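These notes are about the structure you will find just below.
The values are calculated or read from the model by the stated rules, or taken from the named source; none is laboratory data. All values derive from a computational prediction rather than experimental measurement. Using ideal geometry, Cβ is built from the backbone for each residue, glycine included, and neighbour counts are taken over all protein chains shown.
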Amino acid sequence: MSIGEIAERFGLATHVLRHWEAMGLITPARVGGARRRYGPDDLYRVAVILRGKEAGFSLEEIHEMTATSDAAKRRAVLLRRREELARRIAEAQASLELIDCALDCDHEDLPGCPHFQARVAERIPAVVTP
């Protein structure tokens, strides 16, 4: 497949794929001099990069993780990102529960509803004493 076909398939600009290639994240075959040709393995690499970005990995972290054969290095990168992703998921879950609580609330004054207040209470910072 050409760079244009891959870009269209993933909804990316071609310059993004060129940047990823310059970083060493993808290595399409070259035919006829400079024409890039992407194969099935490249499809998976692009998908890995996109999934990694969705999980909060930087391009540098994705490169570090995919370019190393050192399992301990890869594991360290994955563990760091896993902790951050778990935190983001917990925050998103708490937000979803707050929205569900608001949807189920019949009070005219939503912020005054005791059930709603109980869901929001964890976001109130504790008093800091000197």
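Details
- Boolean, Ile26 is more than 13 Å from the chain's Cα centre (by Cα), outside any helix (DSSP H, G or I) and surrounded by 14 or more Cβ atoms within 10 Å (Cβ to Cβ): yes
- From Ile89, Ile62, residue being part of a helix (DSSP H, G or I), farther than 30 Å from Arg123 by Cβ and at pLDDT 90 or above: Ile62
- Options Glu84, Glu60; residue that is within 30 Å of His15 (Cβ to Cβ), assigned by TED's automatic domain parsing to the domain that holds Leu12 and out of contact with any His (no Cβ under 8 Å at 6 or more places or on another chain): Glu60
- Filter pass, Leu96 being at pLDDT 90 or above and outside any helix (DSSP H, G or I): no
- Residue within the stretch 34-53 that is among the acidic types (Asp, Glu), assigned to a helix (DSSP H, G or I) and within 19 Å of His15 (Cα to Cα) present: yes
- Only listed residue being touching a Lys or Arg at 6+ places or on another chain (Cβ under 9 Å), in the same structural domain as Glu8 (by TED's automatic domain parsing) and hydrophobic (A, V, I, L, M, F, W, C), chosen from Leu43, Leu50: Leu43
- Test for Arg82: is it under 28 Å from Arg123 (Cβ atoms), basic (Lys, Arg), under 19 Å from the mean Cα position of the chain (by Cα) and part of a helix (DSSP H, G or I): yes
- Some residue of the stretch 103-113 being closer than 29 Å to Arg9 by Cβ, at pLDDT 85 or above, out of contact with any Asp or Glu (no Cβ under 7 Å at 6 or more places or on another chain) and aliphatic (A, V, I, L, M): no
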